[in-house]
Amino acid sequence: MRMQTRSQFSLRSTKTVLALSLALCGIAGMTGAAAQTTTAPTSLTPQQQRFHDIYKELIEINTTHSTGDNTLAARAMEKRLIESGFAPGDIQIFEPFPKKGNLVMRFKGNGSKKPLLLLAHIDVVEARREDWKTDPFKLQEAGGYFTARGSIDDKAMASALVSCSGSSSRKASSPAATSSWR
């Protein structure tokens, strides 16, 4: 039996969780031909376009520890959620230190199921420009792949949560379970 390294397991798990999240939102299918251009493809569904726009915006906000601004990224996602119909009172930005803000959102359900907690982080590891072939804070789309600092870990998940929550908030009925995420 072959043992997986921690990084192999984490990457596979991250891809699986992201794929499931996107599929649940109807966003799946953004790889391949749809992502082979350097600009947003014109053949995306409205849900896919929403995810792409949120993803690009979040990727292009530097959230490294030294010079980045997590609070700016959290505020950008807060704006997206409010535009989707969430009440500002259901969204909180906590900033324990300057530029180190976090967003917590509560999506109220009807109470028929147990609450659900969803998590994603938006901070990223330092990225020295000289170590990259392209700007690490500009989303690159080529050959069916997205590349940039945080493109998988974990800004894709954060974007999926914002996109899916926004799509769900537009539906007439409330979910069975209350969801909280940060």
Inset, instruction - Check off (1) surrounded by fewer than 16 Cβ atoms within 10 Å (Cβ to Cβ); (2) touching a strand residue (DSSP E or B) at 6+ places or on another chain (Cβ under 7 Å) for N102 and give me the number that stays unchecked. - result: (1)
Inset, instruction - Among the residues of region 115-163, write down those that are in contact with a Pro (Cβ under 7 Å, 6 or more places away or on another chain) and within 12 Å of K56 (Cβ to Cβ). - result: A148
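So that you can scan it fast, the table gives a plain yes or no per residue for (1) at pLDDT 95 or above; (2) under 18 Å from the mean Cα position of the chain (by Cα); (3) surrounded by 15 or more Cβ atoms within 10 Å (Cβ to Cβ):
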site: D53; (1), (2), (3): yes, yes, yes
site: E57; (1), (2), (3): yes, yes, yes
site: D69; (1), (2), (3): yes, yes, yes
site: A76; (1), (2), (3): yes, yes, yes
site: K79; (1), (2), (3): yes, yes, no
site: G109; (1), (2), (3): no, no, yes
site: D123; (1), (2), (3): yes, yes, yes
site: E141; (1), (2), (3): no, yes, yes
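The values are calculated or read from the model by the stated rules, or taken from the named source; none is laboratory data. Because the structure is predicted, anything quoted here is derived from the model rather than measured. With ideal geometry, Cβ positions are generated from the backbone for all residues, glycine too; neighbour counts draw on all protein chains shown.
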